[in-house]
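S.K.: One structure, pasted below without further comment.
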Amino acid sequence: MAWSGYTIKMQRTHNTTSGIRLGRALVNEGIITQNQLRYALQVQQDSIERKRLGDILLDLGYVTKRQLREVTRKYGHRVQIGALLVESGAITREQLEQALEEQKTSRRPLCDVLLSNKVISEEQLAVALSKQLDYPFVVPNKRLVDRALIRRFPAPFLRQHSILPLSFDGEIMTVLMYDPLDDTAISMLEQLLHGKYDIVVAPKRQIDRVLGELLDEMSLLSQTEAPGDADATNTNLRRYDLQRQRPDTGPEGQVINIVDYLLSNAVKQRASDIHIESMYNRLRVRHRIDGKLQFETDLPAHLAERIVRRIKVLAGIDVTDSSEVFDGHIYVAHDNQTIDFRVSLFPSVLGTSITIRALTRDIGLKDLADLGMLPRVHSTLRQVLDAPAGMILFAGPTGAGKTTSLYSCLNYLNTGAVKICTIESPVEFPIEGIAQCQPKAGAQVSELIRAMMRQDPDVIVLGEVNDQATAEAAVQAALSGHKVMTTIHADDTFGSIMRLMEMGLRTYMLSSTGVTAISQRLVRQICPHCKEPYAPPRRLFRQFRLRDTDPDLLEFFHGRGCEHCSHLGFLGRTGVFEILTVDMDIRNSFLSNSNAVEVRKIAECAGKFLSLREAGFIAALRGQTTLEEVLGILSFSEQQAFSEMNLTRESIEFWTSRDEEAD
């Protein structure tokens, strides 16, 4: 992407002259050598398209965007925002020329002309400036602002130029602007701050809203500090209240408010994970919502160390050691619910990478009916759960929802009539009435299973089977008349059973145990507020390999995008499941050492097996998700292994109807 942080001229002669001035400035600052400048000018002279010197220096790796920006600001090289927006693709050259003509008569800033004519939105303008000039993009919020800094500026100046001071590290002040090319505003900042400031950008309307609220509240601000956070450093189940009043001013008070905002905003947006990552000139904050990472905001880089320290304090992690990988918990009370934030800190070259997973009881404990299973699959699972013994395997990659399904089954069985014991590392959600064990590091799970057998359990739950000793102990427990449930990392139901056999499990032990395998994935649900019919591309039907089915007779849906779903078309996630109950034919195929493909064919011929692909296709037919989402949960190797999909109207009706005998 071209950088426009220097004088932009259309004529080649002006371009060359401007480039020479920029080059001399870079040499004077010691950023490049005279030899590097001569070589870059020669490359510019030889280039057919006559690229600007700044672009050539970037291509050669002699300078960074930040260095170019700082030099142009120091030496007075003017940046023309119109050409910058054209280069970024935000507007066309024709739109720029029309806006320049209007500017001549109205004498308004070019940005105002473009915004008032709706040629570009405030968000597009801020994003374009952020990318082209390499300024951090910040989503304004009152809790990100050190209010004491506002008093250093005349309020009319802040309102007129939409400027919001954010933070101060003792030397450099970070200032939020919508137009970092506003000469009047920049000149005033130079006078007030003597050049010691960094710029971050945001949409004008958002800056004005936050600035207006803060200025209106200034007379109401209390200068007294709130009670301390004595409970914040305790990793016991004492709760840290996100809604308690914090100090409003000062560096430490600002960081407290920033961290509180990051946590509460993630809960508000239904984020499952918060990613806080150090970049070379900013902190990037992203949320994982419905399984997809989404940009949230940037933060000034000088806040990184204090934010890491604050999170360490809340999570009960040693703040003096920055060289190791750490894990911790923050137990938070917010909006009448308790949230367990799982904190992971990982050292990287640019700084500490922080990942925080948000877990609530509502997320962890669901009814079986809320998992998204097709009615027939749901009925089959209930039959298996009601049986007195056997083994149930939940298969799928990391993040597929295996633990959620496992807890739903525990919730179904936890009626008071059975004794349930679990071994989990860690215990995701404490459930009253269930004996949940979290083994210490180095403990032998197989030994714990044997000890658990003396507790007279009816149901035994293992967080994961990942070695031969654990697998054998689990199967022995199932053979002795217990119901055993566990998760395993495998692509599908057949792969989960083959994985057990690869761990050294003797075939006769497996064939003598009632085994049910459930493989699952999570897909995003279509937003119900903007759901509408649509015709999927024909290529999708070819990838699903439909047989004897006319796609034109099928109706599918997608989300148009609205405010409820942040214009993504999706809101929430649901599960797609395949379930395999090992019957006599499948058991015999395992005994004869058949491979997974052969066993799959036997199950499909019996007509009592529904693959993930078929279950996802039916979910799309029912308007729960889209075909693109379903295809996205299947690996390339899985797609290549597919035979033609034999879904008929009768088979679809079978899987979408309830088993009345089971109910």
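S.K.: May I ask you to order 268-280, 614-626 by the average number of other C-beta atoms within 10 Å around their residues, highest value first?
M.R.: Descending packing order for the listed peptides: 614-626, 268-280.
S.K.: Got the relative contact order for the range 366-438 handy, in percent, Cα pairs under 8 Å and 6 or more residues apart?
M.R.: After rounding, I find 28 percent.
S.K.: Next question. Counting only heavy atoms of protein chains, what accessible area per residue, in Å², does the range 262-391 have with a probe of 1.4 Å?
M.R.: Using a 1.4 Å probe on heavy atoms only, each residue of the range 262-391 averages 43 Å².
S.K.: Shape of the range 148-207 from its Cα gyration tensor (a ≥ b ≥ c, root eigenvalues): rounded if a/c is under 1.5, otherwise prolate when a/b > b/c, or oblate?
M.R.: rounded
S.K.: On to the next question. With viscosity set to 0.692 mPa s at 37 °C, what whole-number translational diffusion coefficient in µm²/s follows for the range 404-538 from Stokes-Einstein and a Kirkwood radius over Cα pairs?
M.R.: 196 µm²/s
S.K.: Quick one: of Lys366/Lys402; Lys402/Lys531; Lys419/Lys440; Lys419/Lys483; Lys268/Lys292, which pairs are farther than 19 Å apart, Cα to Cα?
M.R.: Lys402/Lys531; Lys419/Lys440
S.K.: Expressed as a rounded percentage, what relative contact order does the range 95-182 have, with Cα pairs under 8 Å and six or more residues apart?
M.R.: Computed value for the range 95-182: 17 percent relative contact order.
S.K.: Label the range 544-587 by shape, choosing from rounded, prolate and oblate, from the square roots a ≥ b ≥ c of the eigenvalues of the Cα gyration tensor; if a/c is under 1.5 it is rounded, and otherwise prolate applies when a/b is larger than b/c, oblate when it is not.
M.R.: Verdict is oblate for the range 544-587.
S.K.: Among 539-545, 478-484, 412-418, how do they line up by average Cβ neighbours within 10 Å per residue, starting with the highest?
M.R.: Averaged packing, sorted descending, gives the order 478-484, 539-545, 412-418.
S.K.: Which value, in Å to one decimal place, does the Kirkwood hydrodynamic radius take for the range 517-604 when every pair of different Cα atoms is included?
M.R.: Answer for the range 517-604: a Kirkwood hydrodynamic radius of 16.4 Å.
S.K.: Mind giving me the nanometre distance, one decimal, between the label points for Asp583 and Ala155, set 7 Å out from Cα along Cα→Cβ?
M.R.: Calculated label separation equals 7.8 nm.
S.K.: Computed over the Cα atoms of the range 112-199, what is the convex hull's projected area averaged over all directions, in nm²?
M.R.: Over every viewing direction, the Cα hull of the range 112-199 projects on average to 6.0 nm².
S.K.: For a test of the definition: using alpha carbon positions, the gyration tensor, and the 1.5 limit on a/c, classify the range 435-493 as rounded, prolate or oblate.
M.R.: The shape class here is oblate.
S.K.: On full extension of the chain, what length is gained from Lys142 through Leu350, given 0.36 nm per residue of separation minus the C-alpha to C-alpha distance?
M.R.: 72.1 nm
S.K.: I want to verify the translational diffusion coefficient of the range 479-627 in µm²/s; compute it with Stokes-Einstein, Rh as the Kirkwood radius over Cα pairs, at 20 °C and 1.002 mPa s.
M.R.: It comes out at roughly 121 µm²/s.
S.K.: What accessible area, in Å² to the nearest ten, does a 1.4 Å probe give for Val576?
M.R.: 0 Å²
S.K.: Can you tell me, using C-alpha contacts under 8 Å and at least 6 residues apart, the relative contact order of the range 327-454 as a whole percent?
M.R.: 15 percent
S.K.: Can you compute 3J(HN,Hα) from phi for each residue in the range 519-526, using the Karplus curve 6.51 cos²θ - 1.76 cosθ + 1.60 with θ = phi - 60°, rounded to whole Hz and x for Gly and Pro?
M.R.: With the stated coefficients, the range 519-526 comes to 9, 8, 9, 10, 10, 6, 8, 5 Hz.
S.K.: How would Asp458, Asp492, Asp335 line up by accessible area, probe 1.4 Å, largest first?
M.R.: Values: Asp458 70, Asp492 30, Asp335 90 Å².
Reading off the accessible areas and sorting them downward yields Asp335, Asp458, Asp492.
S.K.: Return the Cα extents of the range 285-385 along principal axes one, two and three, sorted largest first, each rounded to a whole Å.
M.R.: Largest first, the range 285-385 extends 56, 29, 26 Å along its Cα principal axes.
S.K.: Going 7 Å from the Cα of Glu502 in the Cα-to-Cβ direction, what parts of the range 588-621 have a backbone nitrogen less than 20 Å from that spot?
M.R.: Only 589-601, 612 fall inside the zone, counting backbone N under 20 Å.
The values are calculated or read from the model by the stated rules, or taken from the named source; none is laboratory data. Only a predicted model underlies this, so the values are computations on that prediction, with no experimental measurement involved. A quick note on method: Cβ atoms are made from the backbone with ideal geometry, for glycine too, and the neighbour counts reach across all protein chains shown. Quick note on the areas: whole protein, heavy atoms, side chains included, nothing else; ligands and nucleic acids left out. Shrake-Rupley method; radii C 1.70, N 1.55, O 1.52, S 1.80 Å.
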